[in-house]
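Let me begin by presenting the structure, written as structure tokens, before commenting on it.
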Amino acid sequence: MKFPDGFTWGAATAAYQVEGAWNEDGKGRSIWDDFCRKPGKVRNGDTGDLACDSYHRWPEDVKLLQEGGFGAYRFSVSWPRVQPGGRGRANQAGLDWYSRLVDGLLEAGIEPWITLYHWDLPSSLQESGGWYERSTAEAFADYADVVAHALGDRVKRWITLNEPWVVTACGHALGIHAPGFRRPYSALRVAHCLLLAHGLAVPRIRAASPGALVGLTNNLSVVDGVRIDRPPSKAARRFDAIANRMFMDPVFNRRWPTEIAGAVDRQAGRNLRPGDLELIGVPIDFLGVNNYSRTIVKASPLPLYSFLPVRPAYGHAAFTSMDWEICPEGLYRLLMGIARDYGNPPVYITENGAAFEERPDGGVVRDGNRIDYLRAYLSQAARAAAEGCSLRGYFVWSLLDNFEWAEGYARTFGLVHVDYEGGTLARTPKDSYRWLAQVIGRNEI
Ligand code: FCB
């Protein structure tokens with residue numbers, strides 16, 4: 001199966017997961033710096049203080065990208081590295097570091113793709129209310145402007161936010177990610193602020209970076225009821241409204257999903273202003289899709305959240321070490337659904353990949369499980385493209401084994417092994433790295 005001509009092949013990472021250098025060169029604290037220091041929040045008490053140390057080892061990482069044949073690198077900018085206090089004067093040393101990385105990528109023939117928010121909010125903004133406050137959305141647009149002015153002459157691919165649903169649900173409803181709130185009945189207020197931040201930033205980026213393509217990355221998955229052979233249950237449709245359409249309908253159609261429009265009004269309260277949906281619905285150039293699995297839910301008696309995600313019960317279900325079901329066809333169904341429901345926008349898969357734990361043995365890392373996973377998902381992506389979905393590119397998660405949020409270093413998604421056990425942080429390409437390089441070289445699977 002061929003991928004479309006001009007297909008973008010990339011690898012993805014995020015600042016907090018790979019950079020380290022948590023307090024160097026004037027960087028401010030982020031909510032993840034704080035969260036990791038709270039006992040019991042992250043497996044084994046791990047932190048991103050050092051992570052892959054990409055802050056110092058980035059030339060090696062650029063070389064890995066180049067030798068793997070990747071044409072693009074999706075990385076994120078750490079907001080508190082650029083604006084230590086979240087607002088106002090920029091930290092030139094932080095901007096300079098990103099500028100050197102961008103130059104290094106371009107010299108290696110790799111297109112930089114910047115994500116502006118991959119979860120590391122400056123702590124000072126959390127102290128003034130974080131994503132519960134409209135003022136944070138406004139600060140984000142100013143920050144986007146600062147970064148786009150510094151790098152927008154060379155960077156032409158921009159993603160405003162990574163996975164606003166995960167920020168909303170894991171950070172503010174379930175308490176398992178920073179900032180760690182368990183407040184399910186005000187989380188839609190957060191969702192509104194995040195979407196507003198996105199909408200306010202898009203025109204600022206375009207103004208500072210002529211010719212740029214600007215988009216949003218959502219984590220999306222098809223949702224099935226427990227009887228996976230039946231049409232989606234009521235619980236499945238409700239989950240779909242809250243987790244998927246909540247971050248799609250306002251952006252593409254300037255409306256909230258009907259199932260939750262009333263709840264958004266009640267929860268967002270004074271944050272909500274007339275005209276917000278017009279701001280949020282500013283046209284974007286592409287949609288970034290992160291997909292790993294599908295979701296199966298059963299009915300629950302909770303108000304608003306009348307669903308409960310469950311583990312698939314059918315016999316031959318297979319899982320990665322995150323306990324996420326391997327469901328390649330879910331990616332195909334998802335891509336076809338986006339094309340059908342949202343006017344077939346240009347789509348980039350901005351994350352897809354698998355966690356499996358394997359160790360180097362004599363300089364090689366045999367990760368056949370990961371190759372099987374990638375082959376199956378890429379085949380379904382190619383199938384969707386062949387059937388008319390405007391799929392333009394694919395970024396694997398991730399280039400390196402890195403800090404996997406609440407799971408710390410215990411779950412590894414990298415195509416390149418990083419030696420945490422020995423503490424050397426040495427990079428060893430796995431079999432999957434060489435396998436994907438071949439796919440990229442041929443542009444077919
Ligand atoms: C996504 C995140 C990314 C990574 C993968 C496994 O939700 O965007 O940072 O942790 O999951």
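None of the figures in this text is laboratory data; all of them are computed from the coordinates on show. Everything quoted here is computed from the prediction, not taken from an experiment. Neighbour counts are summed over all protein chains in view; Cβ atoms, including those assigned to glycine, are modelled from backbone coordinates with ideal geometry.
Those strands (runs of 3 or more DSSP E) of the stretch 273-370 in which 1 or more residues are more than 15 Å from the ligand (Cβ to nearest atom) and over 18 Å from the mean Cα position of the chain (by Cα) occupy 295-299, 307-309.
The set of residues in the stretch 206-223 being more than 16 Å from the ligand (Cβ to nearest atom) and surrounded by 21 or more Cβ atoms within 10 Å (Cβ to Cβ) consists of SER209, VAL214, VAL222, VAL223. Filtered by the rule that a residue be loosely packed, with under 15 Cβ neighbours inside 10 Å and touching a residue at least 60 places away in the same chain (Cβ under 8 Å), the stretch 46-68 gives a lone residue, GLU67. Taken together, the residues in the stretch 16-57 that are over 17 Å from PRO179 (Cα atoms) and within 16 Å of the ligand (Cβ to nearest atom) amount to 6.
Return yes when LEU105 is touching a strand residue (DSSP E or B) at 6+ places or on another chain (Cβ under 8 Å), away from the ligand (no atom under 16 Å from the Cβ) and in a helix (DSSP H, G or I) and no when it is not. In short, yes.
Of the residues VAL264, VAL251, the single one that is touching a strand residue (DSSP E or B) at 6+ places or on another chain (Cβ under 8 Å), away from the ligand (no atom under 16 Å from the Cβ), touching a residue at least 40 places away in the same chain (Cβ under 8 Å) and more than 21 Å from GLN126 (Cα to Cα) is VAL251. Being more than 21 Å from the chain's Cα centre (by Cα), surrounded by 21 or more Cβ atoms within 10 Å (Cβ to Cβ) and in a loop (DSSP other than H, G, I, E, B): is that true of GLY28 here? So GLY28 passes the test.
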